[in-house]
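Worksheet: the structure to be examined is printed underneath.
Rule-based calculations on the coordinates, nothing more; no lab input. Since we're looking at a predicted model, the values are computed, not measured. Note that we place each Cβ from the backbone using ideal geometry, even for glycine, and neighbour counts take in every protein chain shown.
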């Protein structure tokens, strides 16, 4: 089992099945997903993108069943189950390594495309930095998230739905990784000690970190989710006041 751990968050991000549409809400048949490598399921099975195992865009067809790949019951699958395959689109704009400041660029690419359902999961790379000193401030994270979400709101048509998912608990993934073995050969802690310098989560995995350091990183993780929750709450109020039918959610892990 790999130690990178991102594929483990799939079980943390499952959400309730699709519910009946509200008046004015469009059927979520045109899906677009924004974010980072979590949405691309990077390293989930192979050390590359594994889009069939994406929590948002995953599929489970003939080849996935043939090779006994996990069935993640993604948003894409549930949309097809509830609304059929007619007129479906499934586009991934998420990019590996993206930080919250990249959300605006991704969101701008949705303009004029008629997407009716958008997922946003971003911020993991703002928690997982080379060192604790590199973690963004509240202000920096808030500006990046707010600008990106406003751009997405402006770019989507009336009736679209947006799901903003919480950043997974990175310290919990660290704790799970402690008990795992990479490729059945090396203890994960040993691997981290060899690769933490330049490894894509030194802020949590560095062997120089104390438990207090890791708890501090978790606190920043929680704080970033609180900021996302605050911004989505503002979005709900503003949408209601303008009569637009976009619906914003926060799936807190």
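Exposure proxy for 117, 139, 216, 174: other Cβ atoms within 10 Å of each Cβ, ordered fewest to most, give 139, 216, 174, 117.
The Cα atoms of region 100-164 cover 41, 16, 15 Å along the three principal axes, with the biggest extent listed first. Residues 83, 153 in ascending order of nearby Cβ atoms (within 10 Å, fewest first): 83, 153.
Counting other Cβ atoms within 10 Å as a rough exposure proxy, the listed residues 22, 105 run 22, 105 from fewest neighbours to most. Estimated at 0.36 nm per residue, the fully extended path between residue 137 and residue 62 surpasses their Cα-Cα distance by 22.4 nm.
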